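Participant: Here's a structure for you.
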Amino acid sequence: MSLPTFSASTTAEEVADTFAAQIRGKNVLVTGTSLNGIGFETARVIAKYANLVIITGYNSERLQASEDALKKEIPGANIRQLNMDLTSLASVRKAAAEVNAYPELLHVLIHNAAYGGGPLKITADGLEAQMAASHFGPFVFTKLLAPKMLAAASATYTPRVVIVSSEAHANGAVDFETLVKPNLEKYTGIGRYNEVKSANILFAAEFSKRAGGKIKAYSLHPGGIYTNLMQKEHNKAALMDFGVITADGVPDPKFSFKTIPQGAATTVVAAFDTRIEDQPGSYLCDCVVANEKIAPHCTDAETAKKLWTLTEEAVGEKFTF
């Protein structure tokens, strides 16, 4: 039976239903799964078929609300909460130790959580918060969980890491001089966001290269979606400047938005679509591989290698396979 052609209008549920056989029996971890977000929708459609879905967040009440909603809709779903603050390396390491203590293997790791704009903030580790939450934290988390993922590999299955990036990466290359601590005089929340999304693409490409086929990584642009991230007050000014929301904080009708189910679809493709198996390190958009849409500053192999090395130095851990 031929597989359907996916597009910008494809929903996450349609993708999950198509690849139900690939999802069955799998254990999947999704970061950033609050209600009204694409991470929650990703977890929801996968939970219909997966053996285990681990949902994460730093707010216990929101995590519980997500689990309650998932179990109400899918009573048989196996959902497990994991409390983790990605801006704290101590929290990341504690969460990774918890996952590594689970009896189940880990087949798919989906980095969906995002910090999203806001004023400059330095974490307890001395790192800038946006880059910590969306790059340094995920880097360490992936490194610590890699052995558990490698153990899930078989002759017919290769584990995957999925990183939600954005087309916004085209607006800003990673500035290595301010990778850890940005220049306060030049820092803008949206500018840093663009850098973070560039880092996501570079990480996926370099990860796939270093993993040598043992684990496959993909990055993606989910599309423009009006989620809980857009509703945060500190993001309002930048989103208004881009013409995404109005002064009232609601979606601007001139901007083409996807629905949350459409926005989560590309994530599920990256996690389970068998047609991209031979294209690790790729960038996806509208549910298909779209490497031609990667900005030049994210296609340079030396840049990806440099980011990896500087990240290891910043977090104090070597990541090898």
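The values are calculated or read from the model by the stated rules, or taken from the named source; none is laboratory data. The shown structure was predicted, so the numbers you read here are calculated from the model rather than taken from an experiment. Every residue, glycine as well, gets a Cβ built from its backbone with ideal geometry; the counts of neighbours run over all protein chains shown. Note: areas computed on protein heavy atoms with side chains; ligands, DNA, RNA excluded. Shrake-Rupley method; radii C 1.70, N 1.55, O 1.52, S 1.80 Å.
Participant: Counting only residues 5 or more places away or on other chains, whose amide H sits under 5 Å from the amide H of residue 117 once H atoms are built in the peptide plane?
Facilitator: 193
Participant: Another one. In Å, the Kirkwood hydrodynamic radius of segment 1-140 over pairs of distinct alpha carbons?
Facilitator: Computed over segment 1-140, the radius equals 15.9 Å.
Participant: Give, rounded to the nearest 20 debye, the magnitude of the charge dipole that the chain has about its Cα centre when Lys and Arg contribute +1 at Cβ and Asp and Glu contribute -1 at Cβ.
Facilitator: 640 debye
Participant: While we're on this one: Just how large is the dipole of segment 1-135 about the Cα centre, in debye to the nearest 20, putting +1 at every Lys and Arg Cβ and -1 at every Asp and Glu Cβ?
Facilitator: Rounded to the nearest 20 debye, it is 180 debye.
Participant: May I pose another question? What is the set of long-range amide H partners of residue 225 at a cut-off below 5 Å, with H atoms built 1.01 Å from backbone N?
Facilitator: Answer set, sorted by chain and number: 258.
Participant: Per residue of segment 44-57, what does 6.51 cos²θ - 1.76 cosθ + 1.60 with θ = phi - 60° give for ³J(HN,Hα)? Whole Hz please, x for Gly and Pro, Karplus curve as stated.
Facilitator: 4, 6, 6, 4, 4, 10, 5, 6, 8, 10, 9, 9, 10, x
Participant: Put +1 on the Cβ of every Lys and Arg and -1 on every Asp and Glu Cβ in the chain; which of 295, 115, 194 then has its Cα farthest towards the positive end of the dipole?
Facilitator: Going by the charge dipole, the pick is 115.
Participant: Hey, another quick one. Find the accessible area per residue for segment 51-157; the probe is 1.4 Å, ligands and nucleic acids are left out, and the unit is Å².
Facilitator: Per-residue value: 40 Å².
Participant: Cα-Cα over 24 Å: which of 143/209; 197/293; 197/318; 197/306; 94/209; 48/143?
Facilitator: Pairs exceeding the cut-off: 94/209; 48/143.
Participant: How would you order 47-58, 198-209 from highest to lowest mean count of nearby Cβ atoms within 10 Å?
Facilitator: 198-209, 47-58
Participant: Just to check I understand the Karplus step: with θ = phi - 60° and J = 6.51 cos²θ - 1.76 cosθ + 1.60, what whole-Hz values come out for segment 117-129, glycine and proline as x?
Facilitator: Working through the residues one at a time gives x, x, x, 4, 9, 9, 7, 4, 8, x, 9, 6, 4 Hz.
Participant: Now, a different point. Roughly what % antiparallel, to the nearest 5, for the DSSP beta bridges in the chain?
Facilitator: The answer is about 15 percent antiparallel.
Participant: What ranking do 96-105, 271-280 get when scored by the average of other Cβ atoms within 10 Å per residue, highest first?
Facilitator: Taking the mean over residues of other Cβ atoms within 10 Å, the ranking is 271-280, 96-105.
Participant: In segment 139-220, what percent of the accessible surface is made up of carbon and sulfur (1.4 Å probe, ligands and nucleic acids excluded)?
Facilitator: Accessible surface attributable to carbon and sulfur in segment 139-220 totals 51 percent.
Participant: While we're on this one: Taking θ as phi - 60°, what are the ³J(HN,Hα) couplings along segment 146-156 by the Karplus curve (6.51, -1.76, 1.60), each to the nearest whole Hz, with x for Gly and Pro?
Facilitator: With coefficients 6.51, -1.76 and 1.60, one gets 3, x, 5, 6, 4, 5, 7, 6, 9, 5, 10 Hz.
Participant: Largest first, please: the extent of the C-alpha atoms of the chain along each principal axis, to the nearest Å.
Facilitator: 53, 46, 40
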